[in-house]
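Since the structure comes first, as structure tokens, the remarks are kept for the end.
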Amino acid sequence: MENCKEDYKIQSFDLETQNLLKTALKEPSTVDLEKVSNVIVDQSLKDQVFSKEAGRICYTIVQAEAKHNNGNVFRRNLLNRLQQEFVAREDTRLRSLQEWVCFVTFICNVFDYLKVNNMPMVALVHPVFDCMLRLAQPDSLNNEEEVDCLVLQLHRIGDQLEKMDGQKMDELFYLLRDGFLLQEGLSSMARLLLLEILEFRAGGWMLSDTAQKYYYSEVTD
Amino acid sequence: MSFRHKSRRTDADYNGDENRNRGPLKRYNYWKRVADGSMRSNEDMDSTSDLKKSNVNHRRTDIRPVSEGPVPRCMDWEREVETDEMCSSVCCDMQRYRRRTLATEFGPREQKNSSGSSDSRDSPVPGEVMEEDEEVLMRRQKQITYGKNTLAYDRYIKEVPKHLRQPGVHPKTPNKFKKYSRRSWDQQIKLWKVKIHAWDPPSPGGQYEVDLDDVMDIELDFPELDSDSSAQPPKVSKASSSQAVSSLSSLGIFEGNY
């Protein structure tokens, strides 16, 4: 796989680990898949670029393992790690905002890519929603980093999440409207991001042409 | 629009910090420049409908609480995913089986390998009631999966392609959609697994060994449509076990699909 690096964004790993990952993709039964999943999870929590696309490499390894020997060691360990990190998310957020944001990005990416019979993993639906709801809390809305993460994930997986639990999505958007309208001290950037996501969802998870023009074209002063 | 298409589009907009530099939200640059004062005044916003104002006031006391604390929704994500996976594959199987039922009922010419009415392949007897209880199907599927997740089964399917299977000689997966009593089904599974053992990888000691303990004290039970378990079936002793296996096959217990 010559374009392996670009596809899976593994440039940030050291060479030894890169080789480990490449082998895992081709011959999963020859490597310690538990170790591989830990390597991927650990890196996802540190590296924002990687966390945005780590789901894809996870999916490929899961498929490869299932095809080679019908195993699911990798997926089992990945989900266990994700679950552990999820349980500890409040502490993570207090310790490091960046790690928290990376975690949310990663779990949403896994939700996006790791499908089961072409359906999203039901087990991840509520955890992902819990993360979104947390990001919609007043203290998080005050951090542009967290608002940015929230809207990015909603752009990527909002429609899928809504299909899995529309009521929860409604609950989330009540919070977002409240935040947009009432939260004092919200930065203009945060308000812009929130307004855009409100319009995005209202438009059926896409922007109208005019809204697209408003938010995405260059403004001449 | 498919999910993939949508996410590709949004990925292009949002993928990575490099896009941030190109400014997907172009308005941001404008806002940054005017952030210090020349934004639209609040008066403009307030001049919109009274309805909005009253909603705002109402909302102020109506902030929704969200569940506190990192509480996991379920015990084990992986177990939940595995169960879901089995559930949806059972559903797929059921749809496929139903389609075959319809094909049998309404168009024998639609069957691919029809060899007459005595073909006990997958096609069910038209009008036959099929097992639809989800709990039962899941349990049966789990038993089948355990049997198939073996080296012996792997070797078996590699050695004998399905179209070359001889009924009675080659093990055939019990058909989970047919109505059987619990006991009948469990025995079919047991016997099926015993037959698969014939393809066990050779042990250091000897050749292909069938573990005769598996066939000890098999209670013969004929396929039933109801769960009548009051009948006393004859017991089979160890000595005639191998005979029992082949004679059971000839009884046609192993109907069903792979």
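Any read-out appearing in this document is the output of simple, stated calculations on the displayed coordinates, not a laboratory observation. Quick caveat: nothing in here was measured; it's all calculated off a predicted structure. Virtual Cβ from ideal backbone geometry, glycine too; neighbours counted across all protein chains shown.
Anyone know which of A:ARG134, A:ARG56, A:ARG95 comes out most mobile in the 10 Å Cα GNM of chain A? In the Gaussian network model the winner is A:ARG95.
What residue among A:ILE57, A:ILE107, A:ILE157 has the largest mean-square fluctuation in a Gaussian network model of chain A, using Cα springs under 10 Å? Residue with maximal mean-square fluctuation among A:ILE57, A:ILE107, A:ILE157: A:ILE157.
A:ASP7 to A:GLN84: extension gain in nm, 0.36 nm per residue of separation minus the Cα-Cα distance? Mind showing how you got there, number by number?
Details: separation 77, 0.36 × 77 = 27.72 nm, distance 2.75 nm.
Contour length minus Cα-Cα distance gives 25.0 nm.
The calculated P(r) of segment A:18-173, using every Cα pair and 5 Å bins from 0, goes 2, 9, 20, 22, 19, 14, 8, 4, 2, 0 in percent. Per residue of chain A, what 222 nm ellipticity follows from adding -39500 (n - 2.57) for every DSSP H run with n ≥ 4, rounded to the nearest 500? It lands at -24000 deg cm²/dmol.
The mean count of C-beta atoms from other chains within 10 Å of the C-beta of residues in B:76-88, rounded to a whole number, is 6.
I need the shape label for segment A:85-201. Rule: rounded when a/c is under 1.5, else prolate if a/b > b/c, else oblate, with a, b, c from the alpha carbon gyration tensor. Display every interim value, and only then the final one.
Working: a/c = 1.98, a/b = 1.30, b/c = 1.53.
Verdict is oblate for segment A:85-201.
Per residue of A:116-124, count partner chain C-beta atoms within 10 Å of its C-beta, then hand back the mean as an integer. Numbers along the way, then the final one.
On the way: counts 8, 7, 2, 3, 2, 6, 8, 11, 4.
Mean inter-chain Cβ contacts per residue within 10 Å come to 6.
Model label points for B:MET86 and A:TYR216, set 7 angstrom from Cα along the Cα-to-Cβ axis, are 4.5 nm apart.
In degrees, nearest 10, range 0 to 90: what is the angle between the Cα axis of helix A:122-135 and the longest Cα principal axis of chain A? Approximately 40 degrees, to the nearest ten. Just list whichever of A:LYS67/B:LYS158; B:LYS172/B:LYS195; A:LYS22/A:LYS115; A:LYS52/A:LYS213 have alpha carbons separated by over 18 Å in the model shown. Beyond 18 Å: A:LYS22/A:LYS115; A:LYS52/A:LYS213.
Near B:LYS178, the amide H atoms lying under 5 Å from its own belong to B:GLU131; only residues 5 or more places off or on other chains count, and H is placed 1.01 Å from N. Placing dummy labels 7 Å off each Cα toward the beta-carbon, the span from A:LYS67 to A:SER96 is 3.4 nm. Taking every residue in A:151-159 and counting other chain Cβ atoms within 10 Å of its Cβ, the average works out to 4. In chain A, the longest principal axis of the Cα atoms and the axis of helix A:188-202 are about 80 degrees apart.
Taking A:HIS155, A:HIS68, A:HIS126 in turn, the Gaussian network model of chain A (Cα-Cα springs below 10 Å) assigns the largest fluctuation to A:HIS68.
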